[in-house]
Amino acid sequence: MRRSRRMLLSWSDRLSVFSSRFDDPETCAYRLERAREHIEELKRKYCNSSLSFDYQSETIRGQFVTAIEGDFPGTYMVVLKIASSRICSGPCFLRVGGTRVGGIVVTGRDGIIGIAARADS
């Protein structure tokens with residue numbers, strides 16, 4: 001019996017869930033500003049600290065590296081260094097300030113992971 005293979009989305013397809021082709025320029029500017037504020041807050045709050053995220057019913061803790069702007073207006077990416085060499089790819093919940101923020105995690109090299117999220121108003 002063959003197991004069905006689940007189609008994985010490419011990185012750009014996963015990130016497109018954050019985009020909206022109906023946004024006007026003012027909305028894009030507002031979202032971009034909110035994301036920048038959120039990035040600066042994360043950098044101040046979690047410098048030399050750690051964050052955790054929930055991925056596939058498991059909580060993983062990582063050392064905060066940085067936060068950067070995302071590919072779409074109003075999005076950002078949190079970069080963490082995790083202790084294990086595990087592969088994370090797909091939806092997750094980042095735990096920021098006692099709340100769970102939905103995002104998409106992807107693994108890089110040497111235990112570096114990135115979590116893309118949307119800065120809500």
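The values are calculated or read from the model by the stated rules, or taken from the named source; none is laboratory data. Everything quoted here is computed from the prediction, not taken from an experiment. Backbone-built Cβ (ideal geometry, glycine too); neighbour counts: all protein chains shown. Heavy atoms of the whole protein, side chains included, go into the accessibility calculation; ligands, DNA and RNA do not. Shrake-Rupley method; radii C 1.70, N 1.55, O 1.52, S 1.80 Å.
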Query raised in the report: Carbon-plus-sulfur fraction of the accessible area of region 51-121, 1.4 Å probe, in percent?
Result: 51
Query raised in the report: region 38-121: which chymotrypsin sites (Phe, Trp or Tyr not before Pro) are DSSP loop and have at most 16 other beta-carbon atoms within 10 angstrom?
Result: none
Query raised in the report: Just in region 72-121: which trypsin sites (Lys or Arg not before Pro) are loop by DSSP and have at most 16 other Cβ atoms within 10 Å?
Result: 86, 109
